[in-house]
């Protein structure tokens, strides 16, 4: 009797495991995009090189996704045919061309990949700051600090072994001073003497902020062991990223506290995220995560994302009740959504 029961249970477990293996096997299937080029007349509908991926999976719907780089990702059910792909693209030809043109214009507006050279523009809290790179000795730095009128506004100074990143609100500029290692301490003192307010940002390591106020060195770089006399665009990018994350941790934590206190929100913890496609998230246990790239956006846009995520502590979905709740706190939230849709592509360093 017991043996028979165990055999039945064993069969059910095997059937369940086999079903799981079948699901894993057919969960996603990537189609070689070169095959699309062989479809007759496809070139009259779309440039096949624009198709980045074709993904078949256990789904019922069809999705056409235009990426920020102006390419197309097609998501299909498993049984979708090549002729069906042609008809799908033909049917949506006008829409595709409009979206491709829109994304290309956004790419142009945002510019090409950052080179981190003098004259480039960088965003901070919605304002554009010009990057200026200065090489020289102590006297050159003193002259630059004086001529740029840095002494009349708050400054933030981020320090590495061979260069410093100085953010100055008055001149709306970022300065990178390439400094001989032996002069670093003297330069710091010079800046302190020149500025009314100076905020020193932690040096030598690029921190990955898993939770605001808590620093982990899972993404750290020790430059004291790898000192060199020149830096690449990637070095500058990481340095800027560290600066932005540091500023984001301060600004976002302060805005969350203000908004929570004003509207009675309760949350478990807050942190920063580096997600590519999401501006924020709220877990089921009310942990809030906000994208650090929002530090480049105006404060009212940051506030919208914070209110959106905090509202998920009350409504765990995007139901009508959720949007009504957001609207009670921020009646013009749709304007903020449109801003992110139109300008979100500019909030980046790469």
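For this structure, a couple of remarks:
- Filter pass, residue 114 being part of a loop (DSSP other than H, G, I, E, B), within 30 Å of residue 305 (Cα to Cα) and in contact (Cβ under 8 Å) with a residue 12 or more places away in the chain: yes
- When 82, 104, 120 are checked against the criterion of being modelled with pLDDT of 85 or more and not assigned by TED's automatic domain parsing to the domain that holds residue 250, 120 stands alone in meeting it.
- 1 or more residues more than 28 Å from the chain's Cα centre (by Cα): qualifying strands (runs of 3 or more DSSP E) within segment 27-76: 28-31
The values are calculated or read from the model by the stated rules, or taken from the named source; none is laboratory data. Keep in mind the model is a prediction, meaning the values are calculated, not measured. Glycine gets a Cβ as well: all are built from the backbone with ideal geometry, and neighbour counts include every protein chain shown.
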